[in-house]
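Taking it in order: structure first as structure tokens, then the write-up.
Bear in mind that the values in this text are calculations on the coordinates, not laboratory data. These numbers come from a predicted model, not from an experiment. Using ideal geometry, Cβ is built from the backbone for each residue, glycine included, and neighbour counts are taken over all protein chains shown.
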Amino acid sequence: MAQKLIAPSVLAADFANLQRDIEMVNNSEADWFHIDIMDGVFVPNISFGMPVLEAIKRHAKKTIDVHLMIVDPDRYINTFAKLGADILTVHYEACTHLHRTLQAIKAQGMKAGVALNPHTNVSLLEDVINDIDLVCIMSVNPGFGGQSFIERTYKKVADLRDIIDRNRANTLIEIDGGVSTANADKLVAAGADVLVAGSFVFKSDTPEKTIQELRSLANS
């Protein structure tokens with residue numbers, strides 16, 4: 001079975017000590033850096049922009065997984081490619097022409113991801129599942145860290161796993177929001193491949209140990 005991946009969400013890092021937290025992730029058993037870009041329009045919050053991503057990229061030694069929670073993401077595909085994103089995820093709800101957006105991301109040499117808000121049904125991706133490298137299922141409402149996990153996520157993951165398997169796609173399933181050692185094993189059992197954890201990692205007394213515990217649970 002393929003190794004399950006852990007992607008700490010930098011949104012929950014200490015911005016006064018960003019380099020320290022980046023180095024912690026570099027030295028940990030984490031696989032990816034998950035980076036949320038918010039515009040205050042698509043979601044009711046604003047996160048960091050291009051200069052901060054550029055600074056993260058300078059120090060990060062692992063895959064950069066960028067999650068765009070913004071309207072009209074097509075405008076910025078080239079920019080994020082230049083900034084060094086390895087995976088670029090756009091929201092289904094923000095894309096009028098999703099297939100074209102996915103092709104544009106791949107044309108820039110990045111892997112293409114699609115994120116789904118809690119109210120969006122996974123069946124809407126059936127027609128493009130073979131063009132998607134990663135589906136990010138939001139297990140909280142996007143915009144703020146530290147929210148409670150939505151229990152219906154397990155069913156969504158299982159339904160999406162069924163779509164991927166039926167279409168013989170190689171799409172990874174990523175879970176973002178409220179992930180912890182309390183639900184990591186259940187999410188993987190439902191079909192998840194990548195677990196994003198923000199506050200649970202960075203607010204922990206021993207973040208590296210927390211990452212190690214998540215990874216062990218996910219791969220047990």
Spatially close lysines, pair count over the chain: Cα under 22 Å, gap of eight or more or interchain: 25
Please figure out what share of the DSSP beta bridges in the chain is antiparallel and state it in percent, rounded to the nearest 5. 5
Would you compute, from DSSP H runs of 4+ residues alone, the mean residue ellipticity of the chain at 222 nm, taking -39500 (n - 2.57) per run and dividing by the full residue count, rounded to the nearest 500? -9500 deg cm²/dmol
Under 5 Å between amide hydrogens, which residues at least 5 positions from L5 or on another chain qualify, with H placed 1.01 Å from N in the peptide plane? V194, L195
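N78 to A55: FRET efficiency via 1/(1 + (r/R0)^6), r the Cβ-Cβ distance, R0 22 Å, to the nearest 0.05?
0.65
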Quick note on D159, D165, ordering by fewest other C-beta atoms within 10 Å, gives D165, D159
Expressed as a whole number of Å, what is the distance separating the alpha-carbon centroids of region 143-220 and region 5-29? 18
Please compute the contact order of the chain in relative form: average sequence separation of alpha-carbon pairs under 8 Å and at least six residues apart, divided by the residue count, as a percent. 22
Using +1 on the beta carbon of Lys and Arg, -1 on that of Asp and Glu, and nothing else charged, what's the dipole of the chain about the Cα centre, debye to 20? 220
Give the order of R58, R161 when sorted by the count of other beta carbons within 10 angstrom, beginning with the fewest. R58, R161
Just subtract the alpha-carbon distance of D14 and I46 from 0.36 nm times their residue separation and send over the number in nm, one decimal. 9.9 nm
